[in-house]
Amino acid sequence: MSDLYQAVLLDELRHPQHKQSLPDPDSVARAVNVSCGDDLTVYLKFSSDQTILDIGWQGNGCAIAQVTMSLLSAHIQGKRVKDVMALTQSDLESLIGIKQISLGRVKCLMLGLEAVQRAIQKTKK
């Protein structure tokens, strides 16, 4: 990873995007990584055409979980729900600029997406 990209990730950690609760969200979901202590809650608002209109999140945890959630929140705003549900580990690795994450850190990487997808699933019931 280049020094420039590391600086970008550190800045993302210091100034996370969308790190706020949303008033009157359409759905809320929480995901916890007990092995690492990561804990994220996601707030979503949807448009009538199943697009993510707004996203907010709160939580704490390791740098990978925090940075991934921040970048993911910016990435999915304005995206269709079906496209967000199709995101994969590989997509998140690309999003944060890691070619392949170590097995022990996969849960940290995936936690934000897990919370987002839970929130989406809650609205479909």
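For the stretch 77-100, enumerate the residues that are within 15 Å of Pro25 (Cβ to Cβ) and surrounded by fewer than 20 Cβ atoms within 10 Å (Cβ to Cβ). Can you show your working first?
Initially, the stretch 77-100 is screened for residues within 15 Å of Pro25 (Cβ to Cβ), giving 77, 81.
Gln77, the sole residue that qualifies.
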Quiz item: Could you say whether any residue in the stretch 56-76 is touching a residue at least 60 places away in the same chain (Cβ under 8 Å) and either in contact with a Ser or Thr (Cβ under 8 Å, 6 or more places away or on another chain) or surrounded by 18 or more Cβ atoms within 10 Å (Cβ to Cβ) (or both)?
Solution: no
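The rows are residues; the columns are (1) farther than 17 Å from Thr41 by Cβ; (2) of a type outside the set (Asp, Glu).
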position: Ala65; (1), (2): no, yes
position: Thr68; (1), (2): no, yes
position: Leu71; (1), (2): yes, yes
position: Thr88; (1), (2): yes, yes
position: Asp91; (1), (2): yes, no
Exercise. Could you list, in sequence order, all residues of the stretch 15-38 that are over 14 Å from Trp57 (Cβ atoms), modelled with pLDDT under 95 and surrounded by 14 or more Cβ atoms within 10 Å (Cβ to Cβ)?
Key: Asn33, Cys36
Practice problem: Select from the stretch 96-106 the residues that are touching a helix residue (DSSP H, G or I) at 6+ places or on another chain (Cβ under 8 Å) and either closer than 18 Å to Ile52 by Cα or of a type outside the set (A, V, I, L, M) (or both) and list them in ascending order. | Solution: Gly97, Lys99, Gln100, Arg105
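Among the helices (runs of 4 or more DSSP H) confined wholly to the stretch 1-85, which include 3 or more residues that are in contact with a Leu (Cβ under 6 Å, 6 or more places away or on another chain) and of a type in the set (A, V, I, L, M, F, W, C)? Step through it out loud before you land on a result.
Numbers: elements: 3-14, 63-76, 81-85.
Per the criteria, 63-76.
The values are calculated or read from the model by the stated rules, or taken from the named source; none is laboratory data. Predicted model, so just to flag it, every value in this text is computed and none were measured. Note: ideal-geometry Cβ built from the backbone for every residue, glycine included; neighbour counts use all protein chains shown.
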